[in-house]
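What follows is one structure encoded as structure tokens, with my remarks underneath.
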């Protein structure tokens with residue numbers, strides 16, 4: 001299977017404007033846009049998705065059932081596991097160009 005990387009995301013405000021959601025990630029190298037649902041389908045098919053932070057760090061992208069914000073039921077949702085840096089968190093990646 002393949003490993004895909006993203007170093008940029010596009011975010012939109014939630015319905016109640018209390019927080020932002022990732023609308024799509026930009027695949028590093030190709031610039032192809034992948035929605036959270038498409039990333040989750042790819043992961044379910046056996047592919048690995050990772051981030052590339054500005055500091056060179058990388059984190060695995062994983063699916064969540066719902067957005068982790070209190071009371072938010074937005075799905076599908078993707079996130080990264082906490083590690084030694086926040087530079088590779090999906091929410092901290094720069095906007096797609």
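The values are calculated or read from the model by the stated rules, or taken from the named source; none is laboratory data. Model, not experiment: these values are computed from the prediction. Because the Cβ atoms are built from the backbone with ideal geometry, glycine has one as well, and the counts that use them run over all protein chains shown.
Looking only at region 27-42, residues that are within 14 Å of residue 3 (Cβ to Cβ) and not in a helix (DSSP H, G or I) come to 5 in all.
For residues that are under 16 Å from residue 18 (Cα atoms) and in a loop (DSSP other than H, G, I, E, B), tally how many sit in region 76-97. Talk me through it step by step, then tell me what you get.
In the first step, residues of region 76-97 are kept if they are under 16 Å from residue 18 (Cα atoms); the result is 91.
Among the residues that remain, those that are also in a loop (DSSP other than H, G, I, E, B) are: none.
Looking only at that region, the number is 0.
Scoring residue 16 on the criteria (1) modelled with pLDDT of 95 or more; (2) in a loop (DSSP other than H, G, I, E, B) leaves a single failure, condition (1). Taken over region 52-97, residues that are in contact with a helix residue (DSSP H, G or I) (Cβ under 8 Å, 6 or more places away or on another chain), touching a residue at least 40 places away in the same chain (Cβ under 8 Å) and either within 13 Å of residue 8 (Cβ to Cβ) or surrounded by 17 or more Cβ atoms within 10 Å (Cβ to Cβ) (or both) amount to 4.
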